[in-house]
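In what follows, a single structure is set out as structure tokens and then discussed.
Computed from the coordinates by the stated procedures, all read-outs in this text should not be read as laboratory data. Since the model is a prediction, treat every value here as computed from it, not as a measurement. Cβ: placed from backbone, ideal geometry, glycine included. Neighbour counts: every protein chain shown.
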Amino acid sequence: MEILITGGAFLGAILGRSFKVLILVPASILVIALLLMKAGFAGYPLLNSLVKIALLTGSLELGFVTGLISTDISAAVQGFRGFWTRQRRTTSSRPAHLR
């Protein structure tokens, strides 16, 4: 189960960097369908399947948020880099004339 949660978070991070939030709807439906199909074949109880669905959907959403934040962090770092390079001014080699 831990591998599924980690994989869901990783998939969510990839989706978060590439797509808008509406991609979570088909991704969650696909995850739910796959888990219910697996539960049907293996004969798991319904409560166990619902817990797995909730955990995997939550990890998918958490990964999506992480992907969004990582996209914003890289843009913010480049913005700060540009801000700091613009702030540095070279001093003139000519003496200042005071009146």
>> Condition first: surrounded by fewer than 17 Cβ atoms within 10 Å (Cβ to Cβ) and within 30 Å of residue 74 (Cβ to Cβ). Can you find one or more residues in the range 30-45 that meet it?
In response: yes
> Which of the residues that make up the range 2-53 are outside any helix (DSSP H, G or I) and within 16 Å of residue 63 (Cβ to Cβ)?
Replying inline: 19, 20
